[in-house]
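See structure below.
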Amino acid sequence: MTYEQWLNLTEAEKLTLPESEYPEIPVGQLRNFLTRAVVRKVNGVMGWEVTQEHRNRKTTEWFPEFRQREINGIPMWYLFSPIDGTYHLNLEREPSMEEEPIGSYGLAWMHFMETQYPEWVEVLRFQHRYLTEARKVDESAWEYRLLLDEQYAKENPRPNTGFEENLKWERARQFWTDSTVMRERILIPPTVPTEAMA
């Protein structure tokens, strides 16, 4: 099994994989004076056993595949790289804007956040939640707008007095619903981003 195939396995699949199928990194791919890197399970925890040879000294150590560390109260997960023998921040990925476009209300929320709360935008980006939150805001805003459209039509029936009056009614309805959505769903200062936006 290759390292790339290993990374695509779930944690349950890794734990049930027979030892004979554990991957070993080819020597030619190793860096930082590593001479061997192979998967080992220790006390039910998956990890990598690596051997490093440098300046006539040979050491072999086992490292768990994942480690957690809190930074400013935010838990961060690190993934061990058997290629260079170091831990790297485990970057989960959310769909890009090209893969999953964001609607106009979500984009308006992003602009509002980036201009008014750039430090919270950085936290959300760091947690790989910024585009996901924008999509949630957009969906919620459009649902609210449909509700407001129905409410406006019920309280202010469409006139039957000609094209000009209908056009005025449409513009008034659109202005009222759009401005209400912006005021009540988009331009709202968040409280604590890791809780209020969860």
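No lab work stands behind these numbers, since they all come straight from the coordinates. Quick caveat, the model's predicted, so the values are computed rather than measured. No Cβ is skipped: glycine too gets one built from the backbone with ideal geometry, and neighbour counts run over all protein chains shown.
Observations on the structure shown:
- Stretch gain in nm, segment His111-Leu7, where the contour uses 0.36 nm per residue and the Cα spacing is subtracted: 33.9 nm
- Under the simplified labelling scheme, the Lys14-Lys154 pair shows an inter-label distance of 5.3 nm, with each label point 7 Å from Cα along Cα→Cβ.
- Given charges at Cβ of Lys, Arg, Asp, Glu: the chain dipole, positive-most of Asn32, Gly103, Leu89: Asn32
- Only the Cβ atoms of Lys and Arg (+1) and of Asp and Glu (-1) were treated as charged; on that basis the dipole of the stretch 60-147 about its Cα centre amounts to roughly 180 debye.
- Surrounding net charge for Ala134, when Lys and Arg each add one and Asp and Glu each subtract one, Cβ distance under 12 Å: -2
- Remark: relative contact order (the stretch 3-89) = 21 percent; criterion is Cα-Cα distance under 8 angstrom and separation of 6 or more residues.
- Shape of the stretch 1-108, Cα gyration tensor, a/c cut at 1.5: prolate
- Environment charge at Glu150 (Cβ cut-off 13 Å; Lys +1, Arg +1, Asp -1, Glu -1): +1
- Extension gain, Leu167 back to Ile71 (0.36 nm per residue minus Cα-Cα distance, nm): 29.0 nm
- Note on the chain: with charges restricted to the Cβ of Lys and Arg (+1) and Asp and Glu (-1), its dipole about the Cα centre is near 560 debye.
- Considering only Trp77, Gln151, Gln52, the residue lying farthest towards the positive end of the dipole of the chain is Gln52, judged by Cα position with unit charges set on Cβ.
- Residue-span extension gain [His54 to Tyr78] - 0.36 nm each, minus C-alpha spacing: 6.1 nm
- Once the C-beta distance of Val27 and Glu139 is scaled by a Förster radius of 45 Å, the resulting FRET efficiency is 0.35 to the nearest 0.05.
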